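What follows is a short report on a single structure.
The values are calculated or read from the model by the stated rules, or taken from the named source; none is laboratory data. The structure displayed is predicted, hence computed values, not measured ones. Here the Cβ is made from the backbone with ideal geometry for all residues, glycine too, and neighbour counts use every protein chain on show.
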Amino acid sequence: MEYFDLYDKNGKQLNKIKLRSEVHRDGDWHYAVDIWILNNRRELLLQKRSKQKESFPNLWEVSCSGHISSGEDSKTSALREIKEELGLDIEEKALKFIFKAKDSSITNKGTFINNEFKDVYLIKKDIELHELKLDLLEVSEVKFISIEDLKQHIEDKDKTFVPHEEVYKKLFEYLASHGPENKKL
């Protein structure tokens with residue numbers, strides 16, 4: 001059983017914990033992590049959520065994501081999720097925190113309410129797709145996409161992508177301000 005720390009809508013910790021299923025039933029605010037992997041060709045790794053996923057099955061999204069369990073810090077969660085979903089062992093120093101975002105959605109005919117604050121990280125790493133060990137209960141497929149192509153899909157409101165409006169907006173702003181000539185990604 002997985003427990004989450006609860007927060008108010010402004011991100012203030014409430015010093016309460018609750019079961020994952022109850023959090024999503026009741027729409028409580030909690031924390032999650034998103035990790036984007038960017039290769040040297042300035043392509044982002046995308047994952048396709050498995051068909052078994054409770055929310056947004058079979059849709060493309062961020063390289064790796066997951067909830068922050070109660071008492072866990074964001075970097076620990078990010079490293080755990082990368083290992084679980086993609087089979088990658090990443091050193092903590094490779095994780096670059098790039099921004100916080102707020103994400104809210106209601107799916108499954110109103111039975112799954114997801115109100116999250118997200119810590120978003122970037123990893124700059126060249127990866128061979130065939131070397132990844134996907135957790136097929138989480139991820140059915142992975143691919144690289146150029147930043148420009150991803151941006152076009154999102155601007156076109158492509159329904160094959162998980163809707164993360166604020167995350168995508170901030171990601172594109174960050175990547176534009178840290179272009180290929182800027183080595184500080």
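The lone criterion from (1) loosely packed, with under 14 Cβ neighbours inside 10 Å; (2) under 20 Å from Leu129 (Cβ atoms); (3) of a type in the set (Lys, Arg) left unmet by Lys16 is number (2).
No other residue among Asn108, Asn58 is surrounded by fewer than 19 Cβ atoms within 10 Å (Cβ to Cβ) and out of contact with any Asp or Glu (no Cβ under 9 Å at 6 or more places or on another chain) apart from Asn58. In the stretch 98-146, the residue that is modelled with the lowest pLDDT out of those that are of a type in the set (Phe, Trp, Tyr) and more than 17 Å from Leu44 (Cβ to Cβ) is Phe112. Within the stretch 88-124, the residues that satisfy the criterion of being over 24 Å from Asp8 (Cα atoms), assigned to a strand (DSSP E or B) and of a type in the set (A, V, I, L, M) are Leu122, Ile123. Within the stretch 79-93, the set of residues being of a type outside the set (A, V, I, L, M), free of Cβ contacts under 8 Å to residues at least 40 places away in the same chain and crowded, with 18+ Cβ neighbours inside 10 Å is empty. In this entry, Asp135 passes the filter for residues that are over 15 Å from Leu38 (Cβ atoms) and of a type in the set (D, E, K, R). Of all residue pairs spaced 6 or more apart or on separate chains, those with beta-carbon atoms under 7 Å, a first member in the stretch 1-24 that is at pLDDT below 95 and a second member that is part of a helix (DSSP H, G or I) are Glu2/Arg20. Somewhere in the stretch 20-39, is a residue within 23 Å of His178 (Cβ to Cβ) and surrounded by fewer than 20 Cβ atoms within 10 Å (Cβ to Cβ)? Yes, the stretch 20-39 has at least one match. Scanning the stretch 136-150 for residues that are within 12 Å of Trp60 (Cα to Cα) and either polar (S, T, N, Q) or surrounded by fewer than 12 Cβ atoms within 10 Å (Cβ to Cβ) (or both) yields a single hit, Ser140.
When the residues of the stretch 151-175 are filtered to those that are out of contact with any helix residue (DSSP H, G or I) (no Cβ under 8 Å at 6 or more places or on another chain) and assigned to a loop (DSSP other than H, G, I, E, B), which remaining residue is surrounded by the most Cβ atoms within 10 Å (Cβ to Cβ)? First the steps, then the outcome.
Kept after step one, since they are out of contact with any helix residue (DSSP H, G or I) (no Cβ under 8 Å at 6 or more places or on another chain), are these residues of the stretch 151-175: 152-153, 155-159, 162-167, 169-171, 173-174.
In the following step, the residues that additionally are assigned to a loop (DSSP other than H, G, I, E, B) were identified as 156-159, 162-164.
On the way: Asp156: 9, Lys157: 9, Asp158: 13, Lys159: 8, Val162: 20, Pro163: 16, His164: 22.
My answer is His164.
Counting only strands (runs of 3 or more DSSP E) that sit completely within the stretch 1-51, zero hold 1 or more residues that are among the polar types (S, T, N, Q), within 22 Å of His164 (Cα to Cα) and over 18 Å from the mean Cα position of the chain (by Cα).
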